[in-house]
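The values are calculated or read from the model by the stated rules, or taken from the named source; none is laboratory data. Treat the numbers as computed from the prediction; the structure is a model and nothing was measured. Using ideal geometry, Cβ is built from the backbone for each residue, glycine included, and neighbour counts are taken over all protein chains shown.
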Amino acid sequence: MNSAGVRPVDGVEILIVMDNTIDVLMAPQDGVERFSLAGRRIDQDQPVAEHGFSALVTVIERGSRTSVLYDGGLSPLGLGRNLDVLGIDPRALRALVISHGHFDHHGGLHGLFERHGRAALPLLIHPEAWRRRKVVLPTGAEIALPPPSLTDLEAEGCEVTEETGPSLLLDGSVLVSGQVPRVTDFETGFPIHFGEAPGGGFEPDPLIIDDQNLIVNVRDRGLVIVSGCSHAGAVNVLRNAVGLTGEPRVAGFVGGFHLTGAVFEPLIEPTIAAFAAAGVARVVPAHCTGWKAVHRLAATMPGGFVMPSVGTTIRF
């Protein structure tokens, strides 16, 4: 299963299943389709937004379509509703991938299982994702980050595979990055993040090494990278994808940049400079990117900027 060679494909579609925001009045763009309320009841038939992330990644090759669900959002109610409203049939999924162990990326999976039933569905995860974590704010207040449960996932029929390195899915057309090396001098991690220590209690866990992303190589266009939070650093994620595949062109980067809040806002300018220098054609900054970074990305890369919203489909 381990390999860094990803097979080029004809195209890929990224459907935002869960994100922090929804705007049903957003206009479409070239290659971007928005959720439409046409023919629907506005009080019943629209998806919801939560502080979480989930994306349906559909690879297109010779007219056939195969899909993997990357992350499961925050709550079963939210994910389940969005699967229904967006017309996603969980039975058509080929695999699940959890980007990292934070609850807002796996907490909604029960909403999928309620619709899928117990079935042998492969699920790929980094072994560090099972670790209990928390964020300790400067005030001393703590935010618990419950991990997924291996017992619960296996009870739902998932065939769980733990992997630290790169892995191929969907017949070699989707590359899961595995653990992302830290190579930049400014993406140093989350200093107020803690993980369960081997002997009990908690210890500093700034790197969140289970952070992993999806990479698809679209023929004649380059890489499309989907990242849940980019805890490894968005630039590290970008450079790792290029290094793994040997493909320098990046057609798109979709997902969280984790540049929100006082700890990460100083990283906005060097991150955007690196993305502009790399010639990333399209950026879709979702989830934890933060409004300041979103505005700077829009100003710096206006031709390639797409504002995400639940129900948005980006086609490459």
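What are the residues in the stretch 24-51 that are of a type in the set (D, E), farther than 23 Å from A281 by Cβ and surrounded by 14 or more Cβ atoms within 10 Å (Cβ to Cβ), if any?
Listed by number, the list holds a single entry, E50.
I need the full set of residues from the stretch 211-220 which are over 18 Å from S99 (Cβ atoms) and not in a strand (DSSP E or B), in order please.
First, pick out the residues of the stretch 211-220 that are over 18 Å from S99 (Cβ atoms): 217-220.
Within the stretch 211-220, R219, D220 meet the criteria.
Only one of these conditions is not met by I60: (1) free of Cβ contacts under 8 Å to residues at least 60 places away in the same chain; (2) over 14 Å from G111 (Cβ atoms); (3) assigned to a loop (DSSP other than H, G, I, E, B); (4) of a type in the set (A, V, I, L, M). Which number is it?
Result: I60 passes all but (3).
Could you tell me whether L123 is assigned to a helix (DSSP H, G or I), touching a strand residue (DSSP E or B) at 6+ places or on another chain (Cβ under 8 Å), of a type outside the set (F, W, Y) and without any contact (Cβ under 8 Å) to a residue 60 or more places away in the chain?
Considered against the rule, which asks whether it is assigned to a helix (DSSP H, G or I), touching a strand residue (DSSP E or B) at 6+ places or on another chain (Cβ under 8 Å), of a type outside the set (F, W, Y) and without any contact (Cβ under 8 Å) to a residue 60 or more places away in the chain, L123 comes out as no.
Which one is surrounded by the fewest Cβ atoms within 10 Å (Cβ to Cβ), of the residues in the stretch 88-105 that are more than 11 Å from the chain's Cα centre (by Cα) and outside any helix (DSSP H, G or I)?
D89
Inspect the stretch 37-44 for any residue being within 14 Å of M307 (Cβ to Cβ) and in a loop (DSSP other than H, G, I, E, B) and give the result as yes or no. Walk me through it before giving the result.
As a first pass, look at the stretch 37-44 and keep what is within 14 Å of M307 (Cβ to Cβ): none.
No.
State the number of residues belonging to the stretch 126-156 that are part of a loop (DSSP other than H, G, I, E, B) and in contact (Cβ under 8 Å) with a residue 40 or more places away in the chain.
Here the count works out to 9.
Quick check, is G178 modelled with pLDDT of 95 or more, assigned to a loop (DSSP other than H, G, I, E, B) and either under 18 Å from the mean Cα position of the chain (by Cα) or not polar (S, T, N, Q) (or both)?
yes
Can you pull out every residue in the stretch 52-79 that is of a type outside the set (A, V, I, L, M, F, W, C), surrounded by fewer than 20 Cβ atoms within 10 Å (Cβ to Cβ) and under 25 Å from L145 (Cβ atoms)?
P76, the sole residue that qualifies.
Only residues that are over 13 Å from P308 (Cα atoms) and either in a loop (DSSP other than H, G, I, E, B) or without any contact (Cβ under 8 Å) to a residue 12 or more places away in the chain (or both): list them for the stretch 10-30, please. Show your work before the answer.
To start, the set of residues in the stretch 10-30 that are over 13 Å from P308 (Cα atoms) comprises 10-13, 30.
If the condition is that a residue be over 13 Å from P308 (Cα atoms) and either in a loop (DSSP other than H, G, I, E, B) or without any contact (Cβ under 8 Å) to a residue 12 or more places away in the chain (or both), then D10, D30 are the ones that fit.
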